[in-house]
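The values are calculated or read from the model by the stated rules, or taken from the named source; none is laboratory data. All figures in this text were calculated on a predicted structure; none of them were measured in a lab. Reconstructed Cβ throughout: ideal geometry from the backbone, glycine too, with neighbour counts over all protein chains shown. SASA here: full protein model, heavy atoms, side chains in, ligands and nucleic acids out. Shrake-Rupley method; radii C 1.70, N 1.55, O 1.52, S 1.80 Å.
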Amino acid sequence: MKILTRYVIRAHIGPFLFAFIALTGLIFLNAIATRLDDLAGKGLGLAVIGEFAVLSLPHVVALTFPMSVLVATLYAFSELTGNSEVAAVAAGGIHPLRLVLPLVGVGVVLAGAVYAFNDRVLPESNHRLSSLLTDIARQSPTFELREEVINEIDTDDASRYFLRSSSIDPLTNELAEVTIFDLSESGELRTITAERGRMAFTPDLRDLVLTLEDGIVLEVTDDRPGVFQRLNYESQVLPLRGVVQEFERQSTDGSRSDREMTVDMLRDEVEASVAELRGIEEANRATSREAVEIALGLSPEEARSATSEPEIEQEGVLLAPLTLASSAAGEMRIHRARWDVFRLARARDLVEIHKKYAIAAACVIFILLGPPLAIRFPRGGAGMVIAASVLVFCIYWIGLIGGERFADQGQVDPIVAMWASNAVLFSIAVTLLWSVGDRISTNRGNAWAEVVSLFGATLSRLARPRGGT
């Protein structure tokens, strides 16, 4: 039995490593490619780009690791079944489920490793990546110019420019109705206007060059009060030296989002949200009780004891109870708004907690799901592996992502949202495993014929009238 266990586990190592490297490489390259243009356009060094790549890798690994487990299990058992090894084991009196048991133990170990990775490594890398992207966003102030706002531009030579434009095209870097105030020289003010303009960096990404067209230059100096110079131009080039500053890293300490927290941090946040919700409930009950007492018509002395607001008499009518009722309604609306905020915050934190457990448990579920699918279609080969993997991944990730969206909005319980996909796939796996002993076949025949036969048998059972034979 030990030999059989080692043989089955060894059959999965190669497919797992191949699937893990291939899937991680494809998804990782796609993630880097979408950001590479933005990173290169910032004039960043290779060290910063390399750090971005390293910090982006854990998120990809968290996705591809469970996927690789399923691919490896499907491929390994497809090979074992196609070579009639599973049939030979069954002929020797060993139930095929005996081949799955060692993998379940391996799956439990892998699930623990995935949970530890998602709880310790992934939140820290997400936090550092978020801080890095924030620092990168500050790298080039020219890309943060806003329309209809006076933007200050500092340069290395201590020149001061203030730029305003009615419109800025982020794709072509074209400007419209440009006004530039040049305060570089003490005692001198130069104002430059242009109908249109264009921004561009020098090849070393250090200087910003503005090409202005159809404008006017107005210049006033303290040496000649009351006199100004005016110059009309069709086109001029205004270089701004040293606009792009050296990349500066900020501290990584600070607030964290739910995806940047460990389970312990998330539980602390959940407890804090629950405490806030209880406080809101108590305050709401007190406000409601006060409003009911006012509506029942308390005496002026009782009404004044319930509030610090002095009574106001108008045409002989006491207005304090009416004011108190209006104030109570306003307080209850505020309580309701705060309740929604903390309720959704609690839901988001619970979603993240259960997602860490659910993704880890998926490793065991995929191991249970792979063998019966491979045994049922022994001649499917690589096509069956790819088709089954894509189908399972779609079901799992659509359910997980969709459930997260609904749970974050408070429409679905976080536990149901995060574990629904696992429950569905686990039910399918158990159903298939239950009948795996009757599905042992050799490598003869046609895989598509078997699929058609299975589909026809299913339709026959569904169409069979109740109570028939």
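Key figures
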{"quantity": "Estimated inter-spin distance, Val274 and Ser435, nm [label 7 Å along Cα→Cβ]", "calculated": "4.4 nm"}
{"quantity": "FRET E, pair Arg160, Glu51, Förster distance 41 Å, beta-carbon r, rounded to 0.05", "calculated": "0.80"}
{"quantity": "Qualifying GluC sites (Glu not before Pro) for segment 45-146 [loop in DSSP, other Cβ within 10 Å: at most 14]", "calculated": "none"}
{"quantity": "Pair Tyr233, Arg333: separation of 7 Å Cα→Cβ label points (nm)", "calculated": "5.6 nm"}
{"quantity": "Segment 170-239 - percent of accessible surface contributed by carbon and sulfur, probe 1.4 Å", "calculated": "51 percent"}
{"quantity": "Carbon/sulfur fraction of accessible area - segment 8-102, other protein chains in place, 1.4 Å, %", "calculated": "73 percent"}
{"quantity": "Linear extension gain, Leu218 paired with His95, 0.36 nm per residue minus alpha-carbon span", "calculated": "35.0 nm"}
{"quantity": "Ordering of 100-110, 277-287 by burial proxy (mean other Cβ atoms within 10 Å per residue, highest first)", "calculated": "100-110, 277-287"}
{"quantity": "Additional length obtainable on full extension of the chain from Lys2 to Ala176, 0.36 nm per residue less Cα span", "calculated": "55.0 nm"}
